[in-house]
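To start, the structure itself, in structure tokens.
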Amino acid sequence: SNIDQIKLSETDLLKQNQTILSKFILTNEKAKSNQPYSFQLVMKSRTYIFSATDPKTYISWLHELCRVIYGGIVHEGMLKKLGYRNKSWKQRYFTLNRYKQMKYYIDKTRKEFLGLID
């Protein structure tokens, strides 16, 4: 059935980015929404809740979010960064993607997103 295909597609998508995806994007059963095809985008300062109008749109959004958030990494590794407010050096894990964005995290697990330089 179509529902089974949607679940399979969602499951496949989650498996591809299981470690990182589950931290930033929460889908259907985990999203705090009573709407079908819901997902949350979890950021450091705020959690955004969205709901697609149909299953095809839902899968399309999840796919593109994964591609933009986690895809296209051309280089990654540890760097020290000078703090903006607190002028001390902190070691952070950085990724550089093909979209000319540097994202930085607490460590290489990329579970705690700290910022974006674009």
Carbon/sulfur accessible area of the stretch 28-110, % of total, 1.4 Å probe, equals 55
Taking Lys and Arg as +1 and Asp and Glu as -1, residues besides residue 91 with C-beta under 15 Å from its C-beta add up to +3
The number of Lys pairs in the stretch 50-118 whose alpha carbons lie under 16 Å apart, excluding pairs fewer than 8 residues apart on one chain, is 9
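The values are calculated or read from the model by the stated rules, or taken from the named source; none is laboratory data. Computed from a prediction, not measured in an experiment: that's the story for all the values here. Note: ideal-geometry Cβ built from the backbone for every residue, glycine included; neighbour counts use all protein chains shown. Heavy atoms of the whole protein, side chains included, go into the accessibility calculation; ligands, DNA and RNA do not. Shrake-Rupley method; radii C 1.70, N 1.55, O 1.52, S 1.80 Å.
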